[in-house]
Amino acid sequence: MLEEVDLGVECACAAGPLDAAGQISRPPARSRLRRRAALDRSEVGSYTPGGVIRKSIACLAVVLGLQLAPALAQSKLDAPPLEQYLRWGPLRVRPGIELSDVGYDDNILANDLNMVSDYGATVSPKLQGLLLLGDQAFLELTQRFDFRFWLENTDQNFTNTLSSARLIYPHRRMGFFADLLFERSNLRPTDLQQVLVERKEKRVGGGVIFTPSWRTEIELGQYFSELDYDEENIAFRQDRDERTTRLDTSYRVFGRSRILFDALYRKIDFRNPFVVEDLVIPRDTVEQQLLGGLAFGEGGRLTGAFRVGWGTIDAEDELLEDLSELIGDLELVLRAGSRTKLQLTGRRLPGFAVFGANAYYLETTVGLRAVRYLSRLWGVEAGGSVGRLTFPASINLLGREDDITRWEVGARLRLAENAIGRKVEYSIRVGRYRRDSTVDFQNLSRNTVGFDAVVGF
């Protein structure tokens, strides 16, 4: 038995370092694989007594220190683990398809004054891709479609598209990246749910990533975006160009936990002025955010991240008020045993209003969801959220304020799921959405019964 244990340690040390779960952490990039192979070859024939002792002590230290040493999470400069992908020639892929919201909706127009019910479904094929370019560089790709269908009200059908790519070229402790994104989405504005509008966003950007130490990672990027809306009135309020500078930093403190510090500076040029009665006011603004928080890495009982800080929107014209508010977001998942999962989400973020004479809105939401598997196949889930929509630093002639509640209950059937995330899962759920507004014609209630299915990644 002792010889078997020693042999296992020897193999683990030769293959690569161990993470906190006791699994071999394999370098994801091909250059690192080649360096590891060269290292292994250089050790052949060098088993002197002193070398054996030193190597045995090192392996023993690895095994005994698994729970004490910090676990090294993947850097942004590393390609994702190749074993998580299927291979299509030179391209590695994670394909999948989702079937969601298959069922009944009693208010598809989100308008209590004109309630229309119908049966619908959403089909969402998706693909994540990875292409290795040479020994170090790699390209990450994402493509997703959402096809929304209604049985009778076909004029409400739409298609959403998301295409994105990130190219990363690492060089020692730093690297360069370039981003491209095109997104066409059909959505209902947060403060005007009765309107379905198509939004197109085009974004290009790039920057640098620094890793001055194994604890610290810094990403600095510059982005240029165009946002266009197809509904005339909303387009007049929302069409704009944005120039954004982002700073994302993380510092590893213990295990897989990291301290986060993020900063954002965004120059926003609206294509149309703000009109209040006979006043024509330019709407160009500068948005700034400073956020700090903590992230919990994968592999533990608690995963996710939370951030809190301050956000400001400074209007260039003195006739428009400025916004300055506490903001933040969180998403934490607690795994209480192998069959129970609790998810806590929340956000408090500003946005540009389209309702009335308001310039901004502030949305605050907190949600909780629980999933409990009763067996290897069957599980139940329940979730809900409460929120409030306010209009600070706005004219807000109607004094509007909305209270929003949402809940869902359902059941899941998980037929298969493997270690790399490929699964086959079905679920059925019943949900209710309610918005109580101080402006009566903005009240909204919506009841749904739906079926979902996920096949793939």
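In table form, for the structure just shown:
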| quantity | calculated |
| --- | --- |
| Hz values of 3J(HN,Hα) by residue in the range 337-345 - Karplus curve (6.51, -1.76, 1.60), Gly and Pro given as x | x, 7, 10, 10, 9, 10, 10, 10, 10 |
| Footprinting exposure proxy for Phe352, Phe210 (fewest neighbouring C-beta atoms within 10 Å first) | Phe210, Phe352 |
| Estimated vicinal HN-Hα couplings, Hz - the range 204-221 in sequence order (Karplus 6.51, -1.76, 1.60; Gly, Pro = x) | 9, x, x, x, 10, 10, 10, 10, x, 8, 5, 8, 10, 9, 10, 10, 10, x |
| Theoretical FRET efficiency, 1/(1+(r/R0)^6), r = Cβ-Cβ of Lys76 and Val275, R0 51 Å, to 0.05 | 0.70 |
| Net length gained if the chain between Glu83 and Met174 were fully extended (0.36 nm per residue, minus Cα distance) | 30.3 nm |
| Sequence-distant residues sharing a close amide H with Val439 (under 5 Å, placed H) | Glu401 |
| Reach of Lys76 by Cα under 30 Å, taken over lysines that are not fewer than 8 positions away in the same chain | Lys126, Lys200, Lys202, Lys267, Lys341, Lys423 |
| Alpha-carbon centroids, the range 149-166 and the range 181-259: separation in whole Å | 21 |
| Value of relative contact order over the range 224-345, rounded to a whole percent, pairs C-alpha under 8 Å and six or more apart | 17 |
| 17 Å reach of a label modelled at Glu316, 7 Å along Cα-to-Cβ, counting backbone N of the range 258-274 | 265-274 |
| The range 436-442 - phi-based ³J(HN,Hα) in whole Hz, Karplus 6.51/-1.76/1.60, Gly and Pro as x | 10, 10, 5, 9, 4, 6, 9 |
| Sorted by Cβ neighbour density within 10 Å, fewest at the top, the residues Asp155, Asp329 | Asp155, Asp329 |
| FRET E, pair Thr154, Asp239, Förster distance 25 Å, beta-carbon r, rounded to 0.05 | 0.35 |
| Gain in span if fully extended, Arg335 to Glu183, counting 0.36 nm per residue against the direct Cα distance | 51.4 nm |
| Sequence of Thr303, Thr159 once ranked by neighbouring C-beta atoms within 10 Å, starting from the fewest | Thr159, Thr303 |
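Here, each number is a calculation from the coordinates, and none is a lab measurement. Not measured: the values here are computed from a predicted model. Note that we place each Cβ from the backbone using ideal geometry, even for glycine, and neighbour counts take in every protein chain shown.
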